[in-house]
1. Within the set of pairs 6 or more residues apart or between chains, which connect a residue that is small (G, A, S) inside region 76-87 to a residue that is surrounded by fewer than 10 Cβ atoms within 10 Å (Cβ to Cβ) and at pLDDT 90 or above with Cβ atoms less than 7 Å apart?
2. Can you work out which of the residues in region 72-85 that are under 11 Å from the mean Cα position of the chain (by Cα) and loosely packed, with under 13 Cβ neighbours inside 10 Å is farthest from F33 (Cα to Cα)?
3. If I filter region 26-66 down to residues being modelled with pLDDT of 90 or more and outside any helix (DSSP H, G or I), which single residue comes out as farthest from E76 (Cα to Cα)?
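The values are calculated or read from the model by the stated rules, or taken from the named source; none is laboratory data. Computed from a prediction, not measured in an experiment: that's the story for all the values here. FYI the Cβ positions are ideal-geometry reconstructions off the backbone, even for glycines, and counts take in every protein chain you see.
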Amino acid sequence: MERGGHQVVGARDGEVKQLEDCSVSNALGTWVFSVAGALIAIPVGIKRKSLAPLVFFGTTGTMLDIIMGISQCEREHAERQMKLLEAQNLPAIDASLENET
């Protein structure tokens with residue numbers, strides 16, 4: 001069930017999410033820059049009597065939302081991977097410390 005070798009274990013109910021699913025949900029879950037772009041573009045577009053500001057600010061805001069969502073997901077994934085590595089290495093460290101004493 002592992003797509004592309006990336007598997008993310010969720011904090012809730014031990015659920016397993018794929019990294020791609022996480023990226024899509026985070027990218028679609030952010031909307032701040034899209035709304036800000038539209039709010040800036042509407043008055044500018046009315047003043048200039050053009051749809052160009054709406055296209056520019058709308059697409060720029062959407063791209064920022066997508067980039068922020070994906071980078072947040074990658075950051076969460078890296079944190080989970082570090083926790084898993086620490087959990088795997090902890091027994092080995094404990095065993096080596098016991099052997100020294």
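1. Taking only residues 6 or more apart or on different chains, not a single pair turns up.
2. Taking region 72-85 and keeping what is under 11 Å from the mean Cα position of the chain (by Cα), we get 72-78.
With the extra rule that they be loosely packed, with under 13 Cβ neighbours inside 10 Å, the set shrinks to 75, 78.
On the way: R75: 20, A78: 25 Å.
Among those that are under 11 Å from the mean Cα position of the chain (by Cα) and loosely packed, with under 13 Cβ neighbours inside 10 Å, it is A78.
3. Filtering first and then ranking leaves K49.
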